[in-house]
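Reviewing the structure listed below.
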Amino acid sequence: MNFEHISVLLNETVGALDIKPDGIYVDGTAGGAGHSIEIAKKLKSGMLIALDRDPDAVKIATERLKGLPAKVINSNFSQMDSVLSELSIKKVNGIMLDLGVSSHQLDTAERGFSYHKEAPLDMRMSQSGISAEDIVNNYSEKELADIFFKYGEEKFSFKIANQIVKRRAEKPIKTTTQLAEIIASAVPAAARRDGHPARKCFQAIRIAVNDELGALTEAIEKCFDLLEKDGILAIITFHSLEDRIVKQSFKEFCTGCVCPPDFPVCVCGKTPRGRLASRKPIEPSKEEIAQNPRSRSAKLRVIIKN
């Protein structure tokens, strides 16, 4: 299997984790194992646990990490606590998440992630459960519009949802190019010049199919709880919805006393649980963006547990 994926912010992320040779680390999104390999290479008596919900990624990561101190497991990172519990691991030194869709998933036409290639409407990272075809053909007009607006920030969400419902009444929508054409037909001509008209809706459907934001929200608290004192959590996001969740969660971890300002002394007893490695997110260099245009929207946020 040819699994091509260029790891984004590779040196920055591995550097931020400050790998200890005897530490235990988790890569919650192993993908093509780019980050995992660099982490595992720095370990001696330590161990890397690499997770991925995609069976293709698990197979490739297992091959690429052979001979290194790493264990690869097919699981969603939102279930990280259960995975580590089964391995009798209570705390870890560092965790990283590289969110979003991999180059392999985008470039493998039959996975149905790309609006550029003719393929069945799928988009399932785990290759199981509800598919994009199920959503497109069975959700109500309002449900579709809500998905497009909430997860894709698509301002023509209702027009697009209305057009989808009309067209699926004639015949089921089965392929990526069918859906892309329907979306384009619902968007005003002037708006089509602002990137591919299907981009936002495909992102929205993918997020809904894989419950990406729900899994992220559930995972962040679990990841932080699993860290040792001075353990590090590093998360790479690729769009504003993900980044907003990570930013707000990290802010909450770093917030101390919440008593009203006119209280003479603190009565809430709340202290910061963590500290940011840097106030602003780390972004790709111009050189990295030139080599890998898909990295242009990436942001790395890092927090250290108190």
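For this structure, a couple of remarks:
- Within the stretch 15-45, the set of residues being polar (S, T, N, Q) and more than 21 Å from K59 (Cβ to Cβ) comprises just one member, S45.
- Filtered residues of the stretch 110-143 (kept if crowded, with 18+ Cβ neighbours inside 10 Å and within 16 Å of P197 (Cα to Cα)): F113, S114, Y115
- S240 being closer than 27 Å to G112 by Cβ, touching a residue at least 60 places away in the same chain (Cβ under 8 Å) and surrounded by fewer than 13 Cβ atoms within 10 Å (Cβ to Cβ): yes
- Number of the exception - Q79 against (1) in a loop (DSSP other than H, G, I, E, B); (2) of a type outside the set (S, T, Y); (3) under 19 Å from F224 (Cα atoms); (4) open to solvent by 50 Å² or more (accessible area, probe 1.4 Å): (1)
- Of the criteria (1) basic (K, R); (2) within 27 Å of S126 (Cα to Cα); (3) open to solvent by 50 Å² or more (accessible area, probe 1.4 Å); (4) at pLDDT 95 or above, which one K200 fails: (4)
- Subset of the stretch 133-155 (residues that are closer than 15 Å to Q203 by Cβ and of a type outside the set (G, A, S)): I135, V136, L144, D146, I147, F148, F149, K150, Y151, E153, E154, K155
- All of (1) in contact with a strand residue (DSSP E or B) (Cβ under 9 Å, 6 or more places away or on another chain); (2) under 18 Å from T176 (Cα atoms); (3) open to solvent by less than 30 Å² (accessible area, probe 1.4 Å) hold for V92 with one exception: (2).
- Boolean, T217 is hydroxyl-bearing (S, T, Y), open to solvent by less than 70 Å² (accessible area, probe 1.4 Å), under 25 Å from Y151 (Cα atoms) and touching a helix residue (DSSP H, G or I) at 6+ places or on another chain (Cβ under 9 Å): no
- Wholly within the stretch 129-217, helices (runs of 4 or more DSSP H) carrying at least 1 residues that are among the basic types (K, R): 141-152, 157-170, 199-210
- Boolean, T217 is under 30 Å from A191 (Cα atoms), β-branched (V, I, T) and under 20 Å from the mean Cα position of the chain (by Cα): no
- Residue within the stretch 160-168 that is in contact with a Phe, Trp or Tyr (Cβ under 8 Å, 6 or more places away or on another chain), modelled with pLDDT of 95 or more, farther than 30 Å from R301 by Cα and not polar (S, T, N, Q) present: yes
- Residues satisfying the stated conditions in the stretch 73-131, i.e. among the β-branched types (V, I, T) and farther than 24 Å from E12 by Cβ: I73, V83, I89, T108, I130
- Scope the stretch 144-180; condition surrounded by 15 or more Cβ atoms within 10 Å (Cβ to Cβ), among the aliphatic types (A, V, I, L, M) and free of Cβ contacts under 8 Å to residues at least 60 places away in the same chain; matching residues: L144, A145, I160, A161, I164, V165, I173
- Tally of residues being open to solvent by less than 70 Å² (accessible area, probe 1.4 Å), closer than 20 Å to C223 by Cβ and of a type in the set (A, V, I, L, M, F, W, C) across the stretch 264-293: 2
- Any hit, the stretch 82-93, residues being farther than 26 Å from P281 by Cα and within 19 Å of the chain's Cα centre (by Cα): yes
- First in the stretch 102-125 and aromatic (F, W, Y), second anywhere and part of a loop (DSSP other than H, G, I, E, B) and open to solvent by 30 Å² or more (accessible area, probe 1.4 Å), Cβ under 6 Å, 6 or more apart: F113/V101
- Answer residue from the stretch 94-118, given it is among the hydrophobic types (A, V, I, L, M, F, W, C) and part of a loop (DSSP other than H, G, I, E, B) and is nearest to D225 (Cα to Cα) among those: L99
- Residue within the stretch 221-232 that is open to solvent by less than 10 Å² (accessible area, probe 1.4 Å) and within 26 Å of K117 (Cβ to Cβ) present: no
The values are calculated or read from the model by the stated rules, or taken from the named source; none is laboratory data. Predicted, not measured: the structure shown is a model, and the values here were computed from it. So basically every Cβ, Gly included, is an ideal-geometry build from the backbone, and we count neighbours across all protein chains shown. For accessibility, only protein heavy atoms count, side chains too; no ligands or nucleic acids. Shrake-Rupley method; radii C 1.70, N 1.55, O 1.52, S 1.80 Å.
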